[in-house]
Amino acid sequence: MAQRTLARYLTEEQRDKGVITGDLKFLIEIVSRACQAISVAIGKGGLGGVLGEAGSDNVQGEAQKKLDVLSNDILLDANEWGGHLAAMASEEMDLPHLVPHRFPKGEYLLTFDPLDGSSNIDVNVSIGTIFSVLKCPEGADLSTPEAAEKAFLQPGTAQVAAGYAVYGPTTLLVLTVGDGVAVFTLDREQGHFVLTQENVRIPEETKEFAINMSNQRFWEAPVKRYVDEMVAGKSGPLGKDYNMRWVASMVADVHRIMTRGGIFMYPMDEKVRDKGGKLRLMYEANPMALLVEQAGGAATTGRKRILDLQPTHLHQRVPVILGSKLEVERVTGYHCN
């Protein structure tokens with residue numbers, strides 16, 4: 001049987017299920033090619049001169065790595081000419097990137113975190129790219145980057161596609177177009193992504209959790225309670241032993257949950273309360289929440305479903321609790337008591 005490449009999978013989704021348009025198919029294919037280029041750059045490491053600091057800060061005031069800047073440029077350059085996008089927004093840029101006038105404009109908006117977990121680059125730990133696709137509202141003002149920001153401020157339920165690439169021992173592309181979750185593996189010799197798993201399902205219960213324990217003293221009481229119960233193991237109220245896993249790369253931590261279940265938490269704490277949370281709603285929380293829900297999991301802020309949040313600005317931050325459904329519901333319920 002012939003391999004089901006990403007292009008073939010998208011064609012079948014378009015023909016048989018009608019969940020995507022031709023332009024959306026083309027957009028996802030171009031994003032996948034950009035991820036391949038990023039994978040190649042990461043694979044060269046020190047040989048390509050791409051490790052270390054770039055000597056600049058992003059809009060959040062965080063020091064950028066050379067690969068942050070390179071990955072951002074790869075995604076911008078790959079996507080601005082195809083006629084399928086109206087504008088793009090990146091975690092690394094203050095304002096949206098408008099499609100240049102010399103290129104045709106399309107009906108979609110693309111948001112992305114070009115290189116998630118970049119603090120792990122120099123120690124050769126898995127990192128990734130996260131992306132989300134929205135429809136551009138009809139009549140949206142795209143005359144300036146400042147005006148274009150409003151077009152992006154849509155709840156996560158409005159996403160028409162979302163995905164991430166994880167650059168590890170293999171390069172994987174995990175994708176949803178609103179009809180379940182599929183995993184594609186990069187065939188480096190052939191130069192394309194091949195379908196290796198369909199209908200990904202996250203177990204409802206788990207014995208693994210991912211959280212930065214060094215922030216424990218800053219957590220709110222419901223999270224402290226939940227983690228204390230897990231750490232108590234079989235003798236505690238949850239009646240089972242848990243293992244903790246923490247990579248500090250959201251893509252790597254979420255992909256582990258997609259593969260075998262678990263719960264990921266970057267909750268509200270006193271260190272980030274004035275910012276609204278740690279992770280970015282548009283670039284991290286929304287796309288990951290859509291993927292997790294499409295795989296049977298759940299994603300909340302601890303109080304509200306992430307996909308229901310109405311964004312107020314492009315770089316808005318929120319708390320994130322996602323993964324195995326019953327575990328997310330348990331800790332979310334603790335916040336409501």
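The values are calculated or read from the model by the stated rules, or taken from the named source; none is laboratory data. Keep in mind it's a predicted model, so treat the numbers as computed, not measured. A quick note on method: Cβ atoms are made from the backbone with ideal geometry, for glycine too, and the neighbour counts reach across all protein chains shown.
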TODO: Tally the residues that are of a type in the set (A, V, I, L, M) and part of a loop (DSSP other than H, G, I, E, B), restricting the search to region 282-329.
DONE: 3
Task: Candidates E138, E80 - the one that is out of contact with any Ser or Thr (no Cβ under 9 Å at 6 or more places or on another chain), without any contact (Cβ under 8 Å) to a residue 12 or more places away in the chain and farther than 21 Å from R280 by Cα - done: E138
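Listed here are the residues, each with its yes/no results for (1) of a type in the set (D, E, K, R); (2) surrounded by 24 or more Cβ atoms within 10 Å (Cβ to Cβ); (3) modelled with pLDDT of 95 or more.
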residue	(1), (2), (3)
T259	no, no, yes
L281	no, yes, yes
E284	yes, yes, yes
P287	no, yes, yes
A299	no, yes, yes
D308	yes, no, yes
H313	no, no, yes
S324	no, yes, yes
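Taking A248, is it within 13 Å of A210 (Cβ to Cβ) and modelled with pLDDT under 95?
Working: within 13 Å of A210 (Cβ to Cβ): yes; modelled with pLDDT under 95: yes.
Against the criterion (within 13 Å of A210 (Cβ to Cβ) and modelled with pLDDT under 95), A248 qualifies.
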- [ ] Look at G261 and say whether it is more than 24 Å from A165 (Cβ to Cβ), more than 15 Å from the chain's Cα centre (by Cα), not β-branched (V, I, T) and not assigned by TED's automatic domain parsing to the domain that holds T171.
- [x] no
TODO: Taking the options G82, G18, name whichever one is crowded, with 16+ Cβ neighbours inside 10 Å and either hydrophobic (A, V, I, L, M, F, W, C) or at pLDDT below 95 (or both).
DONE: G82
- [ ] Could you please find all residues in region 67-88 being touching a helix residue (DSSP H, G or I) at 6+ places or on another chain (Cβ under 8 Å) and closer than 22 Å to S119 by Cβ?
- [x] L67, D68, L70, S71, I74, L75
Open item on the list: Return the residues of region 233-258 that are free of Cβ contacts under 8 Å to residues at least 60 places away in the same chain and within 13 Å of the chain's Cα centre (by Cα); say none if nothing qualifies.
Closed with: D253
TODO: Could you tell me which numbered condition A158 fails, if it satisfies all but one of (1) over 18 Å from the mean Cα position of the chain (by Cα); (2) without any contact (Cβ under 8 Å) to a residue 60 or more places away in the chain?
DONE: (1)
